[in-house]
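Below: one structure, written as structure tokens.
Coordinate-derived values only; no laboratory data. Since this is a predicted model, take the numbers as computed values, not measurements. Ideal geometry is used to build each Cβ from the backbone, glycine not excepted, and the neighbour counts take in all protein chains shown.
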């Protein structure tokens, strides 16, 4: 299935931010914006919801904590009890460093792996670069054209009146 | 950017005076209770203790220890004010410019702290510090203590006094210097004041690094003269720092809720919240690092410190020992974990108040077992002294806040702070 996009090219961060606001206010849905570097505040104007990754991190951390405690209590308390330094078999203070480390490890790895899965990042991934200049010095705003729409002059005008230096069309083969 | 002046109404000031008055009344009531024998909060068992040949602590001793406890706590918060501002300067920080006048004004308590510290040490030194007794150093005395005598090169009356005076002199000097530069910047403008502030801050941080550690050994660690811990300077610093951050955050919120600090928004609160969150974890890290090594090695001369707190004095301190961890670690850790909590005033308010109370108990736990032992309590004397100190602290702090604009109008990073976004 082919998809058609109109690309608005911008060369100024502030112009881009106000253009996004105006275009969204005009009722046009923006597919995505590509930028050479993270633009401050762009998530808010694009209306992107905050990531739920921290929730994943919390539960992965919780898993790490419980796993570490269970592992140490079971190993040192039940499976193979040993007297170490005259301490009781289940000596909680000595379990804390390992528990801490495993909490951090599980939270970090869990977060990274979840991120890869959710955003479908995998070695075989092919990415369509709409305009190569978005990796250098231009900001590219992509707007998907609905099927059947042929007259793009209104969209063209909207983009240009909001400071786009160029408006292109691009067809992407999925 | 326009100036913003804080006005403390007569009514607010009267509230602070009322706080002091209630504190004094409670204090006197507590002293009378104790002087009449017993005292409400540790009445039972008192007679038996005396019968067993154990001399109960006098009301004067309890008063001096309480004065010392509160003064160390509030002096720490005051000192952290200048430390925080200095760190922001050295880090070329922009976000904190809008709130920098608040930690700056915290330090106005320092001169009072110096005077109280000096007076309490001169008059109550024997009650607080075992090592100040002359007989410990006399070989011919039966009470001669070779361990304490071995420390006399560092831990002697004059050197202790000199250190105290020098530290306070340096802190007050640098506080005034930074504050004056900042106010001159308001009046004259230009970046020269900013660059000067960075140089002053850098020197202050070096001095602070040494003096905060040494003052922790002197004022807190030397109470338990036989015991030692290389973590202790850090431990007291962590406790001071998180309390200072909590005090700053709480003040920002209260000022904001009263219509001041118009440009401060949830982004600034978020950063302050992160600071409070991070440093309550830092404190726990230091706490645990100190505890686990001593627990693991289990050397009597080291573990006595924790035994006194966990099970000593008939378990008097046991609940504070665990309460300390709960309120200073578990509570802020779980409550401030989410982003939303750090951006909401009500959450930050609850947590910062909890931390301020929690770290008062932290200092209580550091000082009481070594001084009053089984005779410590939480009665009229403790609450009264704390109220008096809080009242005096708030009076000087708010007076300091009114002395200059709440917005440092000519700070070069002011615009950056106004547009701060996280």
> If you build a Gaussian network model of chain B, linking Cα atoms that sit under 10 Å apart, which residue out of B:324, B:176, B:66 swings the most?
Replying inline: B:176
> Relative to the first principal axis of the alpha-carbon coordinates of chain B, what is the inclination of helix B:110-128, with its axis defined by its Cα atoms, in degrees from 0 to 90 and to the nearest 10?
Replying inline: 10
> Which value in Å is the Kirkwood Rh of the protein assembly as shown over different Cα pairs?
Replying inline: 28.2
> Using Cα atoms only, what is the angle between the long axis of helix A:53-73 and the major principal axis of chain A, expressed in degrees (0 to 90) to the nearest 10?
Replying inline: 10
>> Give me the mean projected area, in nm² to one decimal, of the convex hull enclosing the Cα positions of chain B.
In response: 21.0
>> Along its three principal axes, how long is segment B:134-292 when you only count alpha carbons? Whole Å, largest extent first please.
In response: 68, 37, 26
> Which number do you get for Rg(Cα) / (2.2 N^0.38 Å) in segment B:308-422?
Replying inline: 1.45
>> If I model a spin label at residue B:14 and residue A:84 as a point 7 Å from the Cα along the Cα→Cβ vector, what separation in nanometres do I get?
In response: 6.5
> Per residue of B:291-298, what is the mean number of Cβ atoms on other protein chains within 10 angstrom of that residue's Cβ?
Replying inline: 3
> Which value in Å does the Kirkwood hydrodynamic radius of segment A:92-174 take, with 1/r averaged over all unlike C-alpha pairs and then inverted?
Replying inline: 17.6
> Using alpha carbons only, how many degrees (0 to 90, rounded to 10) separate the axis of helix B:266-297 from the longest principal axis of chain B?
Replying inline: 30
> Roughly how crowded by other chains is peptide B:329-340, in terms of the mean Cβ count from those chains within 10 Å of each of its Cβ atoms?
Replying inline: 1
> Over all Cα pairs of chain A, how is the pair count split among 10 Å bins, expressed in % and running from 0 up to the last occupied bin?
Replying inline: 9, 25, 22, 15, 11, 10, 7, 2, 0
> Which ordering of A:143, A:73 is given by a fewest-first count of other beta-carbon atoms within 10 Å?
Replying inline: A:73, A:143
> How would you classify segment B:160-218 from its alpha-carbon gyration tensor, with a ≥ b ≥ c the square roots of the eigenvalues: rounded for a/c under 1.5, else prolate if a/b is greater than b/c, otherwise oblate?
Replying inline: prolate
> What ranking of B:251, A:114, B:402 emerges when the number of other C-beta atoms within 10 Å of each C-beta is taken as an exposure proxy, fewest first?
Replying inline: B:402, A:114, B:251
>> Based only on other Cβ atoms within 10 Å, what is the fewest-to-most ordering of A:147, B:302, B:104, A:13?
In response: A:147, A:13, B:302, B:104
>> Using only the alpha carbons of segment A:53-118, what is the convex hull's orientation-averaged projected area in square nanometres?
In response: 4.7
